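Report on the following structure.
The values are calculated or read from the model by the stated rules, or taken from the named source; none is laboratory data. Everything quoted here is computed from the prediction, not taken from an experiment. Ideal geometry is used to build each Cβ from the backbone, glycine not excepted, and the neighbour counts take in all protein chains shown.
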Amino acid sequence: MDPLEELTSFLRFPSISTQPEHALDLVSCAEWLREKLTAIGLTATVYPTPGSPVVVAATPRDPAKRTVLIYGHYDVQPPDPLDGWTTPPFEPRIEEGRIYARGAADNKGQILAHILGVAETLREKGSLPVNVIFLIEGEEEIGSPNLASFLREHREELACDLVAISDTAMAPGNKPALTYALRGIAAMELLVRGPARDLHSGLFGGAVANPATVVARLLASLHDGEGRVLIPGFYDAVRPLEPWERAAAADLEKASGGDEAIKELAGVTELFGEKDFTTIERIGARPTAEVNGIGGGYQGAGTKTVLPKEAFAKLTFRLVADQDPAVILAAAEEYLRNQTPAGVLLEIVTGHAGAAYQSDPNSPDGLAARKALAGAFGAEPLLLRDGGSIPILATLKEILGVDSYLLGLANPDSRIHSPDENMLIENFLGGIRMNQILLQELA
């Protein structure tokens, strides 16, 4: 089958892990992968978990060869808002060199490129230069809640020398990049409760603490005027940037158009952040506290003069190497409670968390990954610290004891997690070539 036809088939599954009504779609998608991996000559198994299945496929293990584990995920984000899509999100559309669908870049297009690269090498040569294991899960978009226990249970089966992952993006300008660091994440929700019911703002305003105002003040207290986080101890464990890292960030800025390109990509006229760091450094190498949602009180048209009984906010902290998510969440909770005035009750619920990850792009395997990207895309790859998170990376290191290398294939304007998600077809086909070169370089 043509590579694009295979990708189209893969993208048709609405494998949305956060919505229980799609549980059967996730199972069907996992079975599609098992059949595909079996058809190219691997031994493939679908393992049930308390959530979505995990697909594992492998070549026969030759003890004389190194073993490469290729990780990816087949679950996707919800497609909402649906009215933002040009065509339905699970009916793939090819237009002007791109394929549009939910999951096109995150992560179905990227993991399928690896599968097809292995298939092509097996077709051409009959064997691979290394042992290969595919580990493809269905819960990455909800924090991989069942993967750690799966890794521990199947540690021997999954033993490897390194992990290769394509679940990140190319550099701005669609230039090849090896991502050597990812930020971690720690999520928190806070709810401020005040009066027993909404109150008349004229009769009670000025006499009763307003939960919406309290939430606004709590959120404002998280940063100074330049975006530096004010939680005590927040930066204590942050690893300083090495000189070569600052040089790599400067190279990336020059090659990608710098601040002007980032403004255009974000759709803003000005950038913001800590003054002692460049924008590229702030995105990948500095921790943040972000407000993801805020609400409370009357939300309808016109005016309703109430003092709301409660208000809420959702936060995530993006963390860098050596910061412990549990420590950060505890410090944030203590700080917010200390800022909460009398007359209201602050409730805090912590959510999913994952540590930051960093590998060495100058190690032998890091250099092999860089050669594979250069060979596939015709340019020396830039070294990138990505601001996003793949929480399972730290777990892979802890349980399997090996490093992971991130060879991103998504175009920077792929609209991951947004309507009209897409992947450049040239990136998808380049990923197939990249896999073939990578396995040879890692031998």
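For Y405, are the conditions met, namely being buried (at least 18 other Cβ atoms within 10 Å of the Cβ), under 24 Å from N131 (Cβ atoms), modelled with pLDDT under 95 and not β-branched (V, I, T)? So Y405 fails the test.
Among the candidates I399, I392, the residue that is among the β-branched types (V, I, T) and buried (at least 24 other Cβ atoms within 10 Å of the Cβ) is uniquely I392. Checking the structure you have, find out if any residue of segment 137-144 is modelled with pLDDT of 95 or more, out of contact with any strand residue (DSSP E or B) (no Cβ under 7 Å at 6 or more places or on another chain), in the same structural domain as T43 (by TED's automatic domain parsing) and surrounded by fewer than 20 Cβ atoms within 10 Å (Cβ to Cβ). No, segment 137-144 contains no residue that is modelled with pLDDT of 95 or more, out of contact with any strand residue (DSSP E or B) (no Cβ under 7 Å at 6 or more places or on another chain), in the same structural domain as T43 (by TED's automatic domain parsing) and surrounded by fewer than 20 Cβ atoms within 10 Å (Cβ to Cβ).
Within segment 289-308, the residues that satisfy the criterion of being crowded, with 20+ Cβ neighbours inside 10 Å and not hydrophobic (A, V, I, L, M, F, W, C) are G296, P308. For segment 1-38, taking the residues that are of a type in the set (D, E) and under 21 Å from I142 (Cβ atoms), the one that is surrounded by the fewest Cβ atoms within 10 Å (Cβ to Cβ) is identified as E21.
The single residue among A187, A148, A169 that is surrounded by 24 or more Cβ atoms within 10 Å (Cβ to Cβ), closer than 30 Å to L24 by Cα and among the small types (G, A, S) turns out to be A169. The criterion of at least 2 residues that are within 26 Å of R217 (Cβ to Cβ), over 20 Å from the mean Cα position of the chain (by Cα) and modelled with pLDDT under 95 is met by none of the strands (runs of 3 or more DSSP E) wholly inside segment 277-358.
For segment 258-311, give me each residue that is basic (K, R), more than 17 Å from D386 (Cβ to Cβ) and not assigned by TED's automatic domain parsing to the domain that holds F204. Answer for segment 258-311, where residues must be basic (K, R), more than 17 Å from D386 (Cβ to Cβ) and not assigned by TED's automatic domain parsing to the domain that holds F204: K263, K275. Among the residues making up segment 313-339, those that are buried (at least 18 other Cβ atoms within 10 Å of the Cβ) and closer than 16 Å to L191 by Cα are A313, L315, T316, L329, A332, Y335, L336. The set of residues in segment 1-48 being of a type in the set (S, T, N, Q) and touching a helix residue (DSSP H, G or I) at 6+ places or on another chain (Cβ under 6 Å) consists of S15, S17, T18.
Take A369 and tell me if it is within 23 Å of G293 (Cβ to Cβ) and assigned to a helix (DSSP H, G or I). Spelling it out, it is not the case that A369 is within 23 Å of G293 (Cβ to Cβ) and assigned to a helix (DSSP H, G or I).
Close contacts from segment 229-254, counting a first residue that is over 23 Å from M170 (Cα atoms) and a second that is modelled with pLDDT of 95 or more and assigned to a strand (DSSP E or B), with Cβ to Cβ under 8 Å and a gap of 6+ residues or different chains, come to V229/H223; V229/T288; V229/A289; L230/H223; I231/A289; F234/A289; Y235/V229.
Within segment 248-278, the set of residues being surrounded by 19 or more Cβ atoms within 10 Å (Cβ to Cβ) and among the β-branched types (V, I, T) is empty. Evaluation of S52 against the conditions (1) surrounded by fewer than 21 Cβ atoms within 10 Å (Cβ to Cβ); (2) in contact with a Leu (Cβ under 7 Å, 6 or more places away or on another chain); (3) more than 24 Å from V118 (Cα to Cα) shows that the sole unmet condition is (1). For segment 122-131, the criterion of being part of a helix (DSSP H, G or I), of a type in the set (A, V, I, L, M, F, W, C), farther than 22 Å from S404 by Cα and in contact (Cβ under 8 Å) with a residue 24 or more places away in the chain is satisfied by at least one residue.
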